[in-house]
Amino acid sequence: MLEYSRFKYAIILIVLAFGLLYSVPNVFPQVPAVQVTANRGSKVDDALQKQVEAILKKASVPFESSAIGKDGNLLVRVGNSDMQAKAADTIHEELGSGFVVALNEASTVPHWLQVIGAKPMFLGLDLRGGVHFLMQVDRQAALQKRFDSTAEDIRVLLRENHIRYTSVEPDANGVVIAKLGAGADVAKAQQLIVRDMATYNVDVQGEQVSVRIPQGELDKMLTEAVQQNIGTINNRINELGVAEPIIQRQGTDRVMVQLPGVQDTAQAKRILGATATLEYRGVVEGNAYDARDNGIVPPEARVYERKEIGADGKPQPVLLNKRVIASGEQLQSASSFFDSQTGTAAVRVRLTSVGGQRMFDYSSEHVGKGMAVVYIERIPEVKMVDGKEVHSTRTSEQVISVATIQSSLGREFQTTGLESMKEGADLALLLRAGALAAPMDFVDERTVGPSLGKENIDRGLTAVAYSFIFALVFFLFYYRMFGVITCVALVINLLMVIALMSLLGFTLTLPGLAGIALTVGMSVDANVLINERIREELRDGMPPQSAIAAGYEKASGTIADANLTAMLAGVALFAFGTGPLKGFAVALILGIVTSMYTAVSASRGIATLIYGGKRKLKSIAI
């Protein structure tokens, strides 16, 4: 008998409602906007919102509205892309380096849909475009990092071999100069440095040893730094959850990054270019205030600023050792959490075996003494000089925590004193993704149009629409009423696929569209199998209602076998493929799951609604 339970009808209604609710946000277009995000030490509030609005009005830049979102960022909606770029430049010039100003797109989805988590599907660069960044390695900062590292290696080498020295520092020309103490064995020091740094040029003048890094070594270091940065940027993009990014090297010191379908371009810009990291340094005993005010600093120490403000209205100074105990480069894992004891955000870190051993050795020797955590962040700045943009960076170093070592520390411990949970999450992300081998600056930022051209995309979408219409018309004429049932099942299938992709944050590209088209075709095949099976049962003389029931039951096994085989292929593509192949595989897998339900279950419910019950049928329209 042709029967269908009320429970299954309820499921169909729930599925239909789900498909409509979570696919309808794709109807609402996104509008150009400018997003303002605070850097460390700055704050987005109502005062900033009024300031930004006043800046735009003064510059005669029209805007539609501004609002502070739940993420704490200010979003200013503008009319078109031209006004978007002008508004971003105007705001950035006035606010300076305290804020990140980035191009974005604002959603027009009604609030009640956003409350239930309904959001539009992101489109890839080949369909909608995205954000384009051109980043350049800061050569001077990268070289300085290498010189500082070489100086530290020489300090350790001399200290381990008991050779007294007064200072080891790089000069303005990039030469590391080691000034040895009175009576020190200069020849032995030269021999040790030549042994460990065979490719470097070592000269001796009196009690001073000069170490120069050859230009070939510096060029090689910059090349390797760019390659390592590409890997680090890729890790950071993976942490951001951006699908199918494009990362390419351009020239000797530039990297091009394209991010399709990003929601928060300011977050992407901040995370990609950030060099924020942590350093653990020992506290040096002495009067930090005298050192700061008079410049009398112990040779092994540097003056740092704490985030606490002293009685003089200035940040409290602290003397820290030049030698780094451990840094973000020795980090194995990091996660943020809320520390209930201090009431602040914190980051739980786990060091590598090398970093853990250094931390253990230092803490074991300095129980009862202080150790500080230094938060280091390089902030890019752009200034207008003689009508031209001049890119520079400002390094911010702040001691966020000073604690007394109570016992030996191992590989795992936690750092407190961060300003907010968002800052803790961002720092943990940066530490997990790895530190940039060399600082990078943004030299170009723009939105990217569809790479295939708007005309080609319009023609492609038109072709897909017409082919879908032709298939529906064919079904209506060939299978008559069962053609209508098939058409309704196909529409439900499409709604479910789009709804699932939107809910999961899927980035739709042309390969994804191909996957959707393939699943529609497989759904059509499933309905053809069912309809032809019903016709066979009718030709064998079976009553109409029994023929419908038998057709669905006998075709279901064949449909399941075919779809499961195709799903295995999709899983293989997803597991071993990259980029566009993964997009195709996800669309294929989701489409197969939905088509199996709509073709076998949903269409049977509709057929039962039309032909089932106590009706006495002599024939059916198939």
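Worth a mention:
- Entry note, the chain: the mean residue ellipticity at 222 nm calculated from DSSP H runs of n ≥ 4, each adding -39500 (n - 2.57), is -15500 deg cm²/dmol after division by the residues and rounding to the nearest 500.
- You can think of it this way: the chain between Asn80 and Ile376 has 102.8 nm of extra reach, that is 0.36 nm per residue less the Cα-Cα gap.
- Net charge over other residues, Cβ less than 12 angstrom from the Cβ of Ala526 (K, R count +1; D, E count -1): -1
- Nearest 10 degrees, 0 to 90: helix 6-23 Cα axis against the chain principal axis: 50
- Exposure rule at most 14 other beta-carbon atoms within 10 Å, DSSP loop trypsin sites (Lys or Arg not before Pro): the chain longest free segment: 165-368
- Proximal aspartates and glutamates to Lys179, defined as alpha-carbon separation beneath 18 angstrom and excluding residues fewer than eight positions away on the same chain: Asp148, Glu152, Asp153, Glu160, Glu169, Asp171, Asp203, Glu207, Glu300
- Under 26 Å of direct C-alpha separation, and excluding same-chain neighbours fewer than eight residues apart, Lys43 reaches these lysines: Lys57, Lys58, Lys70, Lys86, Lys269, Lys307, Lys314, Lys383, Lys422.
- What you get for the chain, charging only the Cβ of Lys and Arg (+1) and of Asp and Glu (-1), is a dipole of about 2060 debye around the Cα centre.
- Helix 215-240 and the longest principal axis of the Cα set of the chain meet at an angle near 40°.
- Loop-exposed GluC sites (Glu not before Pro) per DSSP, neighbour cap 13 Cβ within 10 angstrom, longest uninterrupted part of the chain: 286-622
- Full extension of the chain segment joining Asp71 with Val571 gains 176.5 nm, where the gain is 0.36 nm per residue of separation less the Cα-Cα distance.
- Percent antiparallel among DSSP beta bridges (both partners in the chain, rounded to 5): 95
Laboratory data are not the source of any read-out in this text; all were calculated from the coordinates shown. Treat the numbers as computed from the prediction; the structure is a model and nothing was measured. A quick note on method: Cβ atoms are made from the backbone with ideal geometry, for glycine too, and the neighbour counts reach across all protein chains shown.
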